[in-house]
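See structure below.
The values are calculated or read from the model by the stated rules, or taken from the named source; none is laboratory data. As the structure is a prediction and not an experimental result, all values here were calculated from the model. Note that each Cβ is placed from the backbone with ideal geometry, even for glycine, and that neighbours are counted across all protein chains shown.
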């Protein structure tokens, strides 16, 4: 009991550290305000409004494609940096980063630009100018008038109560909580499917390999795992999409959130497989090694001497004691798979947390980023505690 | 399946008849390894009667463990063997695992050296005992549980009902070895291999375990092959003793005869490494100088010669055959200059002289 | 009678342990495969460095050929990996793309080695509160999925080569540091360290002279594996459009060719870079694995 208390305390401490780091980094490195101001573009003069509120804000008009120079005197604005964003693409891409606002040449066409804000950076996207949000209201909403520690505590209080706040960008709608509610189940389904598939592939594969240790089939399967592991998931995703979705047409190329659940699971098959295959290869290598080690234990010989057949030796005697490092890596790997899911969601256009965080990062929508990071960290901690529980279920020696 | 028929046949005859149970003829077991062919067992012949106990004694690397595992057919895949092993009149050498499985646990059982690692750590004791009952006798559920409990009672484990639901780590070493014996006894085997059954145990427990094995042997008219490095272990618990060295049988005699008239200097050295009762429990035993022979390139001549204080030139050149001793027709040994021969005495006197003058003995040759 | 003791005689029968299984796999040579892998890595590195002098096509030039009709053109003797929709040569783009991928890969690991190695060494040697703090920091860093953290950092800073390499370097601090710490703890209890400690050697001296060389071996063995991980991570970032801007890299090239229409009509746009990336990661993994086996390094934590 004491142990579990300690474990839970550690987890809470870890989550607090993660949230502080993320929150701090985003508040220090970036200025949340510019996003609250809403998407602004064109030649609209915002200067007066901003300066009236004590913000040194400058906007520039349409920037012709090719190159441009910043006209205003940078120093008076206390600029640190500003960012150009090219629009007109599905994913906004940054054309350039301007440090110190020297003359910068921008590439690409149709660039809209806004000058910087104190003390951070300014990002622009969206074709049409829109209203400048009420800065004071925004400040209160996001506790921006408070010093950082207070801001953090306020945010945390809201967060643990299930209020993740409004989004920074656009109109603040839908609230982050709603966005997460919509996106999380998909990502969760994807991850669970992937881990299930990886396990379903890895366990029989490693049993079979270990039973035929160092025979030609086993060597071939070892080489196979090696090849799979060397293929990064974004490359694997593209290949699987090409082969199974485009050439063979067995699976849809993209995800459609409007379809029925069954349909959605079918659509998630390829993305899940993309995540599962490398994971299965990792698990197979690990399990195979551990199984071979276990099969050399005396109690296996004892089981053979009892007359237990090969199948039951593997299934009943060798498998369970060989699962420990697999379970550990299964937990650790969950973190890596979340990263993988992020990439894969983009290949197959699955609107999950992964694509949400990429989108949010690009428009510097901090509440969304923060919420997702916290969920990911929480999931990670949860998985690791679950692993601990499973450990004690499997091994009576560590039962607490 | 031929294995199935085979074992039912044994069963229907009222199990294995009395008389010779096991006949091993010119058995060799070699291992293919990277270093070359390891001749772990090299031409061993002996037989064992029903209900008798044979002690197989030798240092580590003498091939005694491999011998017992060869007879049982529990060898890794890189093993090559030849010769013959007849169990209850039937050749069992060369049977595959599928066929052997019907003998394992039912006709032949094995107790391993280290009870700490020979029980499945993640399986309840009860389940481990019930496993052979299920496999060979088809016992399940309540019947299996009751039999398992009965078996635990027979090996004198207190509170057997409670033990059934415990895991190995909850039991002491001696208890675990008793559980191993219970598992081995589960289907009433006719031949029990006990491979160093007491080495990993406390001295006080050792005697109890040996006593238990003896008790089971008498009750079940079972044959026992007791493999050990310790002559002291086999002294009171076997009918016959076979001494192995470098994969070969070098001396074999009824227990009493062996202790009275041992012929091999090697046996004599083993004798010296028996712990005395009045020694403190962790005293280092006297061991034989030098290392066991390299089984890939065994020495020419007598394999023990390079380490033998009594070896002469002939020992290094020619391998001694197994000959019958003059003291008993059941006593065979392989030595050119056995204990008691004039050459032996002559050398012995020299050694004694050296010791009394205080010169360190070691690497006599 | 006193006879010399040989403790080995009481050990269990060793013959049965002499199984061929894993013992055979750990040979004491690096093997031909290792040198082939290293050869490939050297080839790619050289090609990346010498790209402007190899007579390759200009990666940004549009090689529109009226005879071939509208681009993209499939692989041919002229365009080895074909061209993209703008008739840019995929092969030369892949070679140029290697520059960013490799620089980021090697620089990131170098950074992780220096910082992580130092921290791990200090934590493992000094123990106490310093160790506890460092270990907790490592734990916090490791509890972020690396890619999420990388996205965060590149989003908050900029997307220059320096930042991307630095970010991935920062991410490799924790795994490298943990290995260094574990190895240091293992070695600092060995006799030779204890000996020099009792002889009054200074802490710094012990760390540099006694521990560092021993910690460097496993770290070096993991370096090749780490480079592969960093290259893949950069690829993933680039694939998300979050890596070095303006310059080509493998991930970006794969992204460019990964749209449904491109895959359907011109799969070579993505398959060329995938092939080269795959072979490079494979070579790094393989060589790294051989080195690790050769030096018998157990922990794989990267």
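Mind listing whichever residues of segment C:243-269 are facing chain A (nearest Cβ under 7 Å) and in contact (Cβ under 8 Å) with a residue 12 or more places away in the chain?
Passing the criteria: C:245, C:251, C:254, C:258.
Considering only residues that are modelled with pLDDT of 85 or more and loosely packed, with under 15 Cβ neighbours inside 10 Å, which ones fall in segment A:183-213?
Hits for segment A:183-213 are A:185, A:192, A:196, A:200, A:204.
Taking segment A:201-215, which residues are farther than 10 Å from residue A:276 by Cα and in a helix (DSSP H, G or I)?
A:203, A:204, A:205, A:206, A:207, A:208, A:209, A:210, A:211
Residues checked against (1) touching a helix residue (DSSP H, G or I) at 6+ places or on another chain (Cβ under 6 Å); (2) away from chain A (no Cβ under 14 Å); (3) without any contact (Cβ under 8 Å) to a residue 40 or more places away in the chain:
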position: C:97; (1), (2), (3): yes, no, no
position: C:100; (1), (2), (3): no, yes, no
position: C:108; (1), (2), (3): yes, yes, no
position: C:111; (1), (2), (3): yes, yes, no
position: C:116; (1), (2), (3): yes, yes, no
position: C:119; (1), (2), (3): yes, yes, no
position: C:122; (1), (2), (3): no, yes, no
position: C:125; (1), (2), (3): yes, yes, no
position: C:129; (1), (2), (3): no, yes, yes
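Residue by residue through segment A:331-364, note down the ones that are more than 10 Å from chain C (Cβ to nearest Cβ), assigned to a helix (DSSP H, G or I) and surrounded by fewer than 24 Cβ atoms within 10 Å (Cβ to Cβ).
Residues satisfying the conditions are A:331, A:333, A:359.
Can you report the number of residues in segment B:115-129 which are within 7 Å of another protein chain (Cβ to nearest Cβ) and either more than 18 Å from residue A:318 (Cα to Cα) or buried (at least 22 other Cβ atoms within 10 Å of the Cβ) (or both)?
3
Please determine, by comparing only the residues of segment A:5-20 that are farther than 17 Å from residue A:156 by Cα and either in contact (Cβ under 8 Å) with a residue 12 or more places away in the chain or within 24 Å of the chain's Cα centre (by Cα) (or both), which one is nearest to the other protein chains (Cβ to nearest Cβ).
A:10
Could you run through segment A:296-312 and say how many residues are facing another protein chain (nearest Cβ under 9 Å) and either in contact (Cβ under 8 Å) with a residue 40 or more places away in the chain or in a helix (DSSP H, G or I) (or both)?
Residues that pass the stated criteria total 11.
Please specify each residue of segment A:236-266 satisfying the condition of being more than 8 Å from every other protein chain (Cβ to nearest Cβ) and either outside any helix (DSSP H, G or I) or touching a strand residue (DSSP E or B) at 6+ places or on another chain (Cβ under 8 Å) (or both).
A:248, A:249, A:250, A:251, A:252, A:255, A:256, A:257, A:258, A:259, A:260
Might you let me know whether segment B:171-182 holds any residue that is assigned to a loop (DSSP other than H, G, I, E, B), in contact with a helix residue (DSSP H, G or I) (Cβ under 9 Å, 6 or more places away or on another chain) and surrounded by fewer than 23 Cβ atoms within 10 Å (Cβ to Cβ)?
Yes, the conditions are met somewhere in segment B:171-182.
Taking only segment C:155-170 into account, find how many residues are over 22 Å from residue C:212 (Cα atoms) and more than 8 Å from every other protein chain (Cβ to nearest Cβ).
So the answer is 8.
If only one of A:216, A:185, A:175 is within 30 Å of residue A:294 (Cβ to Cβ), out of contact with any helix residue (DSSP H, G or I) (no Cβ under 8 Å at 6 or more places or on another chain) and either touching a residue at least 40 places away in the same chain (Cβ under 8 Å) or more than 11 Å from chain C (Cβ to nearest Cβ) (or both), which one is it?
Of A:216, A:185, A:175, the one residue that is within 30 Å of residue A:294 (Cβ to Cβ), out of contact with any helix residue (DSSP H, G or I) (no Cβ under 8 Å at 6 or more places or on another chain) and either touching a residue at least 40 places away in the same chain (Cβ under 8 Å) or more than 11 Å from chain C (Cβ to nearest Cβ) (or both) is A:216.
Is it true that residue A:273 is under 18 Å from the mean Cα position of the chain (by Cα), in a helix (DSSP H, G or I), surrounded by fewer than 22 Cβ atoms within 10 Å (Cβ to Cβ) and more than 10 Å from every other protein chain (Cβ to nearest Cβ)?
Here the answer is yes, as residue A:273 does meet what is asked.
Within segment C:174-186, identify whether any single residue is within 14 Å of chain A (Cβ to nearest Cβ), closer than 25 Å to residue A:349 by Cβ and in a helix (DSSP H, G or I), and answer yes or no.
No - not one qualifying residue is present in segment C:174-186.
Could you go through segment A:313-327 and let me know if any residue there is within 13 Å of chain C (Cβ to nearest Cβ) and modelled with pLDDT of 80 or more.
yes
When you go through C:220, C:241, C:251 one by one, which is the residue that is in contact with a strand residue (DSSP E or B) (Cβ under 6 Å, 6 or more places away or on another chain) and within 26 Å of residue A:336 (Cβ to Cβ)?
C:241
Residues in segment C:57-86 that are more than 19 Å from residue C:274 (Cα to Cα) and not in a helix (DSSP H, G or I): how many?
14
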